[in-house]
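The values are calculated or read from the model by the stated rules, or taken from the named source; none is laboratory data. In this text the structure is predicted, and so the values were computed from the model without any measurement. Quick reminder, even Gly has a Cβ in these numbers, built from the backbone with ideal geometry, and neighbours come from all protein chains shown. Only protein heavy atoms, including side chains, enter the accessible area calculation; ligands, DNA and RNA are left aside. Shrake-Rupley method; radii C 1.70, N 1.55, O 1.52, S 1.80 Å.
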Amino acid sequence: MARIAPLDPPYADDVAVELAAMMPPGVPPIGLFRTFARHLPMARAMRPWGAHELGRSLALSLREREIVIDRTCARCGCEYEWGVHVAFFAERAELDGPQVTSLTHGTAADPCWTSERERLLIEAVDRLHDTADVDDALWARLAAAFDEPELLDLLLLTGWYHAISYVARAARVEREPGAPSFGDVAG
């Protein structure tokens with residue numbers, strides 16, 4: 001049960017405008033955004049950064065972005081946000097079943113990962129999650145594969161989805177209808 005109940009319609013005009021700006025046209029707002037709307041100044045402040053993280057200005061590709069997000073959310077135990085991203089982006093990012101399972105329950109060494117860049121992304125997320133740092137050896141490998149804008153986006157994307165995961169888990173945001181669970185992709 002949600003600790004902070006998401007707002008339900010009908011929304012106040014200012015809330016409706018903010019929620020509409022957070023979603024694609026015609027798509028009802030997800031529970032997490034309706035929870036953020038409980039603190040409208042915060043929701044407004046978050047929107048530009050979230051738009052960067054999910055937009056075309058991000059230096060990482062859509063596929064790389066989703067690898068980072070899915071892995072981060074899985075490592076944080078955030079089934080809500082992981083499920084939203086798997087449901088809405090996995091197919092567009094061309095992540096297949098074994099890759100989604102690996103991002104949720106596996107490692108960068110799983111045979112479904114044939115790209116060194118993708119393995120490095122998973123290793124970086126894991127290292128950041130476990131130590132809040134990247135050691136020199138892994139950094140050298142990352143720097144050989146990614147340019148500085150990509151590295152900065154990798155670091156901040158991982159941190160952003162830690163924050164999103166913390167809110168979704170601690171506020172007990174309920175899974176979206178039709179979104180998968182971790183158990184749905186158990187290996």
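Longest segment of the chain with no GluC sites (Glu not before Pro) in a DSSP loop having at most 16 other Cβ atoms within 10 Å? Show your work: numbers first, answer last.
Values: sites that count: GLU91, GLU94, GLU174.
Value returned for the longest uninterrupted segment is 1-90.
Would you mind pulling out the separation of the Cα centroids of region 52-71 and region 4-28, in Å?
That distance is 24 Å.
Using a probe radius of 1.4 Å on heavy atoms only, what accessible surface per residue do you get for region 1-146? Whole Å² is fine.
On the way: 7350 Å² over 146 residues.
Heavy-atom SASA per residue in region 1-146 reads 50 Å².
Can you give me the Rg/Rh ratio for region 82-176, using Cα atoms for both radii and the Kirkwood formula for Rh?
Using Cα coordinates only, the ratio equals 0.97.
In region 7-102, which chymotrypsin sites (Phe, Trp or Tyr not before Pro) fall in coil by DSSP and have 16 or fewer other Cβ atoms within 10 Å?
TYR11
In whole angstrom, how far apart do the alpha carbon centroids of region 133-187 and region 87-101 sit?
Region 133-187 and region 87-101 have Cα centres spaced 15 Å from each other.
At q = 0.15, 0.18, 0.27 Å⁻¹, what is the base-10 log of I(q)/I(0) for region 29-80 according to the Debye formula with one equal point scatterer per Cα and no solvent? Please give it to two decimals.
Per q value, in the given order, log10 I(q)/I(0) is -0.53, -0.74, -1.07.
Considering only protein heavy atoms and a 1.4 Å probe, what is the carbon-and-sulfur percentage of the accessible area of the chain? Each step should come with its number before you reach the end.
Details: 5500 of 9560 Å².
Ligands and nucleic acids excluded, carbon and sulfur reach 57 percent.
In Å and on Cα atoms, what radius of gyration and Dmax does the chain show?
Rg, Dmax (Cα atoms, Å): 16.7, 53.
Between ALA163 and ALA109, what's the calculated FRET efficiency when r is the beta-carbon distance and R0 is 22 Å? Round to 0.05.
Taking R0 as 22 Å, the efficiency between ALA163 and ALA109 is 0.20.
Just going by the charge dipole of the chain, with Lys and Arg at +1 and Asp and Glu at -1 on Cβ, which of SER61, PHE89, SER102 is farthest out on the positive end?
PHE89
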